[in-house]
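All remarks here apply to the structure that follows.
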Amino acid sequence: MDEIFGVINAGLFGVSLRLATPILLAAIGGLWTQQAGVLNIALEGMMLSAAFSGAAVTYATGSAWAGLLGGMLASMLLAAVFGLFSIRLKADLVVVGIAINLFAAGATLVLMERFFNTKGNFSPGRRLPNITLGPVRDIPIVGDIIGQQNVLVWVGLALVVIAHVVLYRTPFGLRVRSVGENPEAAETAGIRVGRVQFITVLISGALAGMGGVNLSLGYVSQFSTNMTSGRGFIALAAQTFGNATPIGTALASLFFGFADALAVRLQTRELPSDFVLMIPYLATILALVLVARRRSLRARRQSPSESEKPEAATV
């Protein structure tokens, strides 16, 4: 069937892949820090700063590639601040992350008003190119999904494979996982825990920056106020739902991308708009509930039952 209920078709899955990409890029970045024992709460602010910086640099230089680099650098700068306070100065991760998110939201608004004389949106005039797969585009269903996608879609999929290989097949990946599982033992083995964690935070910043730039320079050429709309937090949910593994995180990101695409598609139907816009966030809540349920079941299996517990010794 080419179409189900007039909503689900091959084109919807193509849109799902496109909408999942910024979440996927940020989530892959976030899983690096989570594997190293650091939860990057600041993904939302990093993405937003990158989206603005990428659009601003593109506007100034006329090059979307320069905008991509500028957005990644801006995000990595915030990542360095996050690493400095949370890793080197041992500040609370949540407090530092929330501070960066609030700073990014306020700073992008002030800078947009100062340099572009608007509080709503502006267009950089350029965007990153699409990649057309030639004959593949003419193949039914497959062509509708992957026949023509933005370059960052393919970068995101490649990064999933790279992350899997590096984390599970290289000495650096072993050090990262060792630091996350037991930092004291890793330090005893000669691994510099703080350095490894700081490197993963910078990697996280670079990938979250790609995700942010994808929003403003991907399929549109525009930055608007708070255009991330919680995607950084959804990326956190994706990496948690995916058990902080590259493959699992990618599948979770595609799930959230599908929910977002379904919400967009249903807006054309006669359904209450408020309900339709809730779909991506309801999917996030459902994923987090499933994660909590999974952890609860795992804890029950690992803990001994009442009948198996040794009886207290009597005097």
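The values are calculated or read from the model by the stated rules, or taken from the named source; none is laboratory data. The structure displayed is predicted, hence computed values, not measured ones. Heads up, the Cβs are rebuilt from the backbone with ideal geometry, glycines too, and the neighbour counts pull from every protein chain shown. Calculation scope for accessible area: heavy atoms of the full protein, side chains included, ligands and nucleic acids excluded. Shrake-Rupley method; radii C 1.70, N 1.55, O 1.52, S 1.80 Å.
The residue that is modelled with the highest pLDDT, among those in the range 138-165 that are outside any helix (DSSP H, G or I) and among the β-branched types (Val, Ile, Thr), is ILE139.
Out of all the residues in the range 41-57, is one or more open to solvent by 30 Å² or more (accessible area, probe 1.4 Å) and assigned to a helix (DSSP H, G or I)? So far as the range 41-57 goes, yes, one or more of its residues are open to solvent by 30 Å² or more (accessible area, probe 1.4 Å) and assigned to a helix (DSSP H, G or I).
Within this structure, LEU31 passes the test of being under 23 Å from VAL179 (Cα atoms) and surrounded by 24 or more Cβ atoms within 10 Å (Cβ to Cβ).
Regarding the range 107-116, can at least one residue be identified that is under 20 Å from ALA208 (Cα atoms) and not aliphatic (A, V, I, L, M)? Checked the range 107-116: at least one residue is under 20 Å from ALA208 (Cα atoms) and not aliphatic (A, V, I, L, M).
Please verify whether GLY83 is open to solvent by less than 60 Å² (accessible area, probe 1.4 Å) and over 29 Å from PHE198 (Cβ atoms), treating the condition exactly as stated. Let's see the steps before the verdict.
On the way: open to solvent by less than 60 Å² (accessible area, probe 1.4 Å): yes; over 29 Å from PHE198 (Cβ atoms): no.
Criteria not met by GLY83.
Could you check, for the range 115-127, whether at least one of its residues is assigned to a helix (DSSP H, G or I), open to solvent by less than 30 Å² (accessible area, probe 1.4 Å) and either touching a residue at least 60 places away in the same chain (Cβ under 8 Å) or touching a Cys at 6+ places or on another chain (Cβ under 8 Å) (or both)? Within the range 115-127, not a single residue is assigned to a helix (DSSP H, G or I), open to solvent by less than 30 Å² (accessible area, probe 1.4 Å) and either touching a residue at least 60 places away in the same chain (Cβ under 8 Å) or touching a Cys at 6+ places or on another chain (Cβ under 8 Å) (or both). Here ALA312 passes the criteria (1) at pLDDT 80 or above; (2) small (Gly, Ala, Ser); (3) open to solvent by 30 Å² or more (accessible area, probe 1.4 Å) except the one numbered (1).
Go through the range 1-23 residue by residue and tally those that are open to solvent by 10 Å² or more (accessible area, probe 1.4 Å) and at pLDDT 90 or above. Adding up the residues that qualify gives 3. In the range 92-111 there is at least one residue that is open to solvent by 40 Å² or more (accessible area, probe 1.4 Å), farther than 19 Å from THR228 by Cβ, of a type in the set (Asp, Glu) and not in a helix (DSSP H, G or I). The residues of the range 169-195 that are of a type in the set (Ser, Thr, Tyr) and either open to solvent by less than 70 Å² (accessible area, probe 1.4 Å) or closer than 13 Å to GLY29 by Cα (or both), listed by number, are THR170, SER178. Against the criterion of being free of Cβ contacts under 8 Å to residues at least 40 places away in the same chain, surrounded by fewer than 19 Cβ atoms within 10 Å (Cβ to Cβ) and under 25 Å from SER216 (Cα atoms), ALA158 qualifies. If only residues of the range 134-145 that are open to solvent by 50 Å² or more (accessible area, probe 1.4 Å) and within 26 Å of the chain's Cα centre (by Cα) are counted, the one that is nearest to SER224 (Cα to Cα) is ASP144.
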